[in-house]
Amino acid sequence: MPAPDALADSESNARRVLLCLDIQAGVLSAPPKGVPSANTLRQNLAAVLAAARGASQPPLIIHVRNAGDFGDVDEPSSTGWQLVHTPLQNEPVVDKRKNNAFASTKLGDLIPLDAEIVIVGLQSDFSVRATCSAALGRGNEVLLIHGAHGTYDRLEVLYGGGITPAAQIEEEIEGELQEAGVHLLEMKDLSAIFDDR
C-alpha cells in the first residue's frame with residue numbers, strides 16, 4: 001500500500017487533470033486519412049504531454065481512446081485505433097464509444113468534481129465539444145488549448161453544399177465553448193498551465 005504522503009500527493013494532483021482525448025494513430029496520420037493539421041497537432045500534443053509529465057507537480061494524466069465502428073480509422077484493434085503516446089504506468093486509459101468521454105465510462109470516477117481539467121485532442125466538433133460540455137456540467141473548471149485540438153474538414157450537404165475548412169470549425173467550437181465557460185489558452189501558455197500557477 002502506498003505511503004500516506006504518496007496518497008496525499010496523488011489526491012492533490014488529481015485536482016488538476018490532463019485529459020488526452022482520442023489521440024490515436026488513425027486521426028493523426030497523414031491527410032486525407034488523418035485531420036488536415038495532423039503534423040502540427042502531433043507536435044503540439046507531444047509538447048503538452050511533455051509539459052504535464054515534466055511539471056514539478058504533474059497532473060493526473062488520462063488517455064481516452066475512441067472505439068470507432070467497423071471500417072472507421074479508429075476501429076478497435078486496428079493500427080489507427082492505437083494511442084499515439086504510450087501511457088505511463090500511472091496514467092489510466094479509458095475506452096469510449098460515445099463523443100462524451102464521461103458517458104458509460106469510468107472517467108467520472110477518476111476525476112473529482114472540483115478538479116481543473118485541461119482538455120486536448122480530437123475531434124473538436126465531436127469528442128472535444130461534448131466532453132468539455134459534460135465537464136462544465138459536472139462543475140469542473142475546463143481549459144482548452146488552441147492548437148492542441150483538431151478535426152476534419154466538413155462536407156456541407158445543406159444550403160448549396162461546399163466544404164467548411166477544419167480550421168474554421170475549430171475556431172467556431174472554441175468560441176462556443178468559451179461562451180459556455182471554458183477557458184481558452186494558447187500553446188505559448190504551456191509552461192504556466194501545469195507549473196506556474
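The values are calculated or read from the model by the stated rules, or taken from the named source; none is laboratory data. This one's a predicted model, so the numbers in the text were calculated from it and none came from an experiment. Every residue, glycine as well, gets a Cβ built from its backbone with ideal geometry; the counts of neighbours run over all protein chains shown.
Observations
- Which listed residue is among the hydrophobic types (A, V, I, L, M, F, W, C), under 26 Å from Ala51 (Cβ atoms) and surrounded by 14 or more Cβ atoms within 10 Å (Cβ to Cβ), from Ala180, Ala192, Ala135: Ala135
- Residue within region 95-109 that is in contact with a strand residue (DSSP E or B) (Cβ under 9 Å, 6 or more places away or on another chain) and hydroxyl-bearing (Ser, Thr, Tyr) present: yes
- A search for C-beta distances below 8 Å between a residue of region 19-41 that is over 24 Å from Leu143 (Cβ atoms) and any residue that is β-branched (Val, Ile, Thr), counting only pairs 6+ apart in sequence or on different chains, returns Ala25/Thr79; Ala25/Val84; Gly26/Val73; Gly26/Thr79; Ser29/Val73; Lys33/Val73; Gly34/Val27; Gly34/Val73.
- Cβ pairs under 8 Å, 6+ apart, first in region 100-122 and within 23 Å of Leu45 (Cβ to Cβ), second acidic (Asp, Glu) and modelled with pLDDT of 95 or more: Thr105/Asp95; Ala115/Glu141; Glu116/Glu141; Ile117/Glu141; Gly121/Asp22; Leu122/Asp22
The rows are residues; the columns are (1) basic (Lys, Arg); (2) within 20 Å of Asn100 (Cα to Cα); (3) under 15 Å from the mean Cα position of the chain (by Cα).
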{"site": "Arg16", "(1), (2), (3)": "yes, yes, yes"}
{"site": "Gln24", "(1), (2), (3)": "no, yes, yes"}
{"site": "Ser29", "(1), (2), (3)": "no, no, no"}
{"site": "Lys33", "(1), (2), (3)": "yes, no, no"}
{"site": "Asn39", "(1), (2), (3)": "no, no, no"}
{"site": "Arg42", "(1), (2), (3)": "yes, no, yes"}
{"site": "Leu49", "(1), (2), (3)": "no, no, yes"}
{"site": "Gly54", "(1), (2), (3)": "no, no, no"}
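- All positions within region 74-104 that are in a loop (DSSP other than H, G, I, E, B) and basic (Lys, Arg): Arg97, Lys98
- Consider region 150-167 and keep the residues that are surrounded by 13 or more Cβ atoms within 10 Å (Cβ to Cβ) and without any contact (Cβ under 8 Å) to a residue 40 or more places away in the chain. The one that is farthest from Pro32 (Cα to Cα) is Thr164.
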